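Below: the structure, in structure tokens.
The values are calculated or read from the model by the stated rules, or taken from the named source; none is laboratory data. All values derive from a computational prediction rather than experimental measurement. Reconstructed Cβ throughout: ideal geometry from the backbone, glycine too, with neighbour counts over all protein chains shown.
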Amino acid sequence: MDMITVATTLASGALVGALLGLFGGGGSVLATPLLLYVIGVRDPHVAIGTSAAAVAVNAVANLAGHWRGGRVKWPCASVFATAGLLGSFLGSSVAKLIDGQRLLLFFALAMAAIAVSMMRRPRSEGDPDVHITWPLVRRLAPLGVMTGAAAGFFGIGGGFLIVPGLMAATGMTLANAAASSLVSVALFGAATSFNYALSGWVDWKIAGVFVLGGALGGVVGVKGATLLAGRALLARRLFAALVLIVAAYVAWRATGGL
């Protein structure tokens, strides 16, 4: 790795870490495009495997800050993440069989659909005191499996799916969902990166530098999440706008590569 690659990897990791801390899943959406179009990783599968490894580690680091802030709903987050773990491994196994550019195009289309849905005003701001119940478990587990499979297939932590999934299943606030989603982001990313590593599709040097940058950015992101806790709709729409912009760029580049 030359100095330019190290610098761009650190900066990209810091941006991803900050967004993970701020929105829960926004960073994982950006990781693969940054590796491909800023850092210069050529193979989409290597970018996906490397980003999954880095995002999983950064998610764990950011999770600690949210845990101390009391925003993580551990029972709900644990049910969702555990149910989705097998799904993420199966989804990533299917994705490894697909051409890299086509996989990126599917990724962009899914991002755009989720972004549009998140632009709508939620019916309520959510319940900050939600507690796990058996009816919630029955809603969380199937959503976790499906989200894990999608996260593994698209090679991301899946936060942009996990956050609305947690809110829909439990009625928790956006701040709680963003914080709690990091449990799933970490587990899904770890399962996906492990699967890609079995095929030699993880660049561990880049992943290490990316994680270092992410740790620095995560401190800023977690502090920003505290400031946005009282502005749920604004945070939701900022998150959706970010996903939509990245989706358009990824689709444009992936279409050109077909």
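Select from the range 194-208 the residues that are surrounded by 15 or more Cβ atoms within 10 Å (Cβ to Cβ) and aromatic (Phe, Trp, Tyr) and write down the one among them that is nearest to Val41 (Cα to Cα).
Trp201
I need the full set of residues from the range 155-171 which are touching an Asp or Glu at 6+ places or on another chain (Cβ under 9 Å) and crowded, with 24+ Cβ neighbours inside 10 Å, in order please.
Within the range 155-171, the first condition is being touching an Asp or Glu at 6+ places or on another chain (Cβ under 9 Å), and the residues that meet it are 170-171.
Within the range 155-171, just Thr170 meets the criteria.
Can you go through Ala7, Ala113, Ala61 and tell me which one is small (Gly, Ala, Ser), buried (at least 17 other Cβ atoms within 10 Å of the Cβ), out of contact with any strand residue (DSSP E or B) (no Cβ under 6 Å at 6 or more places or on another chain) and assigned to a helix (DSSP H, G or I)? Show your work before the answer.
Values: Ala7 fails: buried (at least 17 other Cβ atoms within 10 Å of the Cβ); Ala113 fails: buried (at least 17 other Cβ atoms within 10 Å of the Cβ).
After ruling out the rest, the residue left standing is Ala61.
If the requirement is being out of contact with any Leu (no Cβ under 9 Å at 6 or more places or on another chain) and surrounded by 16 or more Cβ atoms within 10 Å (Cβ to Cβ), which of these qualifies: Gly148, Gly189, Gly152?
Answer to the selection: Gly189.
Rundown of residues vs (1) of a type outside the set (Ser, Thr, Tyr); (2) more than 19 Å from the chain's Cα centre (by Cα); (3) more than 30 Å from Phe210 (Cα to Cα), yes/no style:
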site: Leu63; (1), (2), (3): yes, no, no
site: Cys76; (1), (2), (3): yes, no, no
site: Asp99; (1), (2), (3): yes, yes, no
site: Phe106; (1), (2), (3): yes, no, no
site: Pro135; (1), (2), (3): yes, yes, yes
site: Leu140; (1), (2), (3): yes, no, yes
site: Ala150; (1), (2), (3): yes, no, no
site: Val163; (1), (2), (3): yes, no, no
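Determine whether the range 195-204 contains at least one residue that is out of contact with any Asp or Glu (no Cβ under 7 Å at 6 or more places or on another chain) and farther than 22 Å from Gly91 by Cβ.
Yes.
Could you tell me whether Val211 is touching a Phe, Trp or Tyr at 6+ places or on another chain (Cβ under 9 Å), over 21 Å from Ala113 (Cα atoms) and crowded, with 20+ Cβ neighbours inside 10 Å?
On the way: touching a Phe, Trp or Tyr at 6+ places or on another chain (Cβ under 9 Å): no; over 21 Å from Ala113 (Cα atoms): yes; crowded, with 20+ Cβ neighbours inside 10 Å: yes.
When the stated conditions are applied, Val211 does not pass them.
Which one of Ser78, Ser51, Ser28, Ser92 is closer than 23 Å to Ala240 by Cβ and at pLDDT 90 or above?
Ser51
Please state which one of Ala235, Ala215, Ala186 is part of a helix (DSSP H, G or I), closer than 18 Å to Val29 by Cβ and at pLDDT 85 or above.
Ala186
Which one of the conditions (1) at pLDDT 90 or above; (2) of a type in the set (Val, Ile, Thr); (3) assigned to a helix (DSSP H, G or I) does Ile245 fail to meet, given that it meets all the rest?
With (1) at pLDDT 90 or above; (2) of a type in the set (Val, Ile, Thr); (3) assigned to a helix (DSSP H, G or I) applied to Ile245, the lone miss is (1).
If you go through the range 29-48 one residue at a time, how many are in contact (Cβ under 8 Å) with a residue 24 or more places away in the chain, closer than 12 Å to Phe210 by Cβ and within 14 Å of the chain's Cα centre (by Cα)?
3
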